[in-house]
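Reading through the structure tokens given below for one structure.
The values are calculated or read from the model by the stated rules, or taken from the named source; none is laboratory data. This is a predicted model, so every value here is computed, not measured. FYI the Cβ positions are ideal-geometry reconstructions off the backbone, even for glycines, and counts take in every protein chain you see. Heads up: the accessible areas ignore ligands, DNA and RNA and are worked out on the full protein's heavy atoms, side chains in. Shrake-Rupley method; radii C 1.70, N 1.55, O 1.52, S 1.80 Å.
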Amino acid sequence: MTERSQPLSGQVAVVTGASRGIGRAIAVEFARAGADVVVSARSSEKAPSKLPGTIEETAREVEAAGRRPDGRPSGRAVAIPTDVTDEAQVQAMAQRTLDEFGRVDILVNNAGISFPAPFSKTPLKRWDLVMNVNLRGPVMCTQAFLPRMLEQGSGRIINISSYLAEVLMPGMMSYSVSKIALEKLTQALAAELQPKNIAVNALRIELNIATEGWQFRNPNIDYSDWEKPEAASETTLWLATRDPSYTGRVVTIAEVREQMAAGSA
């Protein structure tokens, strides 16, 4: 890969929820594009979850993906265990990022959970957990990194949303509420930060994507016609390379693919 084909060369990206699935794919995609990547999630080799994947595994993939054809590394990976519902951990993650790299150019708020259940059978603590991970987590991560972006006079924030922000699905109320709120946060924050040269956009994933976690929980589904996590990572990279004037957008994978195709025509 040449320097010219690495649009994120010299930039530092932070990806939450990057131990598996879409987050892992985004981290690897950004590394191929030349970025240094902070890989953040709860699942680590010291504290693994039942689901496959750890931040250390992703970090190794990131460093392998970021190598130039001559074998020299084009970027670094740092794995930082972080629970995005814990303010102290989020602040520590931000501080370590700045200690390691001195800057932050891209924040991808990808960490998310769901608790499928009818509203009448959703304990308040489960409702709160979904809101804390899917909405409060991005708020805290953004607040932790925004001061440095403001000092730099540049930055990009990308929030990973879902078609369930608008589509009603039985048992997914808490998830849907958290995602529509995340999209409104995206638009309001974009309006506030546009004069500061900081772009804020959301990718609304509308496709069925066969992530490791989904397949682990639903082993009997036929995934042959599902998209791979790279469908989301490629479009997230596109958002990360737009001019800062491209902000306040909530776009689907299909919409981004159309714009990518038009740009290459």
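With every protein chain present, what accessible area does W214 have (1.4 Å probe, heavy atoms only), rounded to the nearest 10 Å²?
110
Once the other residues with Cβ under 14 Å from the Cβ of Y246 are scored (Lys, Arg +1; Asp, Glu -1), what is the net sum?
It works out to a net charge of +1.
Heads up, I need the accessible area for Y175: 1.4 angstrom probe, whole protein in place, Å², nearest 10.
Approximately 40 Å² of Y175 is accessible to the 1.4 Å probe.
For the chain, what is the mean residue ellipticity at 222 nm derived from helices alone (per DSSP H run of n ≥ 4: -39500 (n - 2.57); sum divided by total residues; nearest 500 deg cm²/dmol)?
-13000 deg cm²/dmol
When Lys and Arg each count +1 and Asp and Glu each count -1, what net charge do the other residues less than 14 Å away from S114, Cβ to Cβ, add up to?
+2
Take the Cα pairs of the range 142-220, get the Kirkwood Rh, then feed it into Stokes-Einstein at 20 °C and 1.002 mPa s and tell me D in µm²/s.
Calculated translational D: 149 µm²/s.
Just the number please: accessible area per residue for the chain, 1.4 Å probe, all protein chains included, in Å².
48
Note down, for the chain, the three equivalent ellipsoid semi-axes (square root of 5 times each alpha carbon gyration tensor eigenvalue), biggest first, whole angstrom.
Output for the chain: semi-axes of 26, 21, 20 Å.
What shape does the range 79-131 take by its C-alpha gyration tensor, where a ≥ b ≥ c are the square roots of the eigenvalues and a/c under 1.5 counts as rounded, a/b above b/c as prolate, and the rest as oblate?
prolate
Based on the Cα gyration tensor of the range 185-249, what are the three equivalent ellipsoid semi-axes, each the root of five times an eigenvalue, rounded to whole Å and given largest first?
32, 12, 8
Quick check: convex hull of the Cα atoms in the range 82-192, volume per residue, rounded to a whole Å³?
Hull volume normalised by residue count: 91 Å³.
I'd like the accessible area for F30, computed on protein heavy atoms only with a 1.4 Å probe and all protein chains in place. Round to 10 Å², please.
Answer for F30: close to 0 Å² accessible.
Of V139, V12, which has the most accessible area and how do the rest follow, probe 1.4 Å?
Heavy-atom accessible area, descending, gives V139, V12.
In a shell of Cβ-Cβ distance under 15 Å around V167, excluding V167 itself, what net charge do Lys and Arg (+1) and Asp and Glu (-1) give?
-1
Test of understanding: given the chain, find the longest segment containing no trypsin sites (Lys or Arg not before Pro) that are in a DSSP loop and have at most 11 other Cβ atoms within 10 Å.
51-265
Can you list the equivalent-ellipsoid semi-axes of the range 120-265, largest first and in whole Å, using the square root of 5 times each Cα gyration tensor eigenvalue?
Listed largest to smallest, the semi-axes of the range 120-265 are 27, 22, 13 Å.
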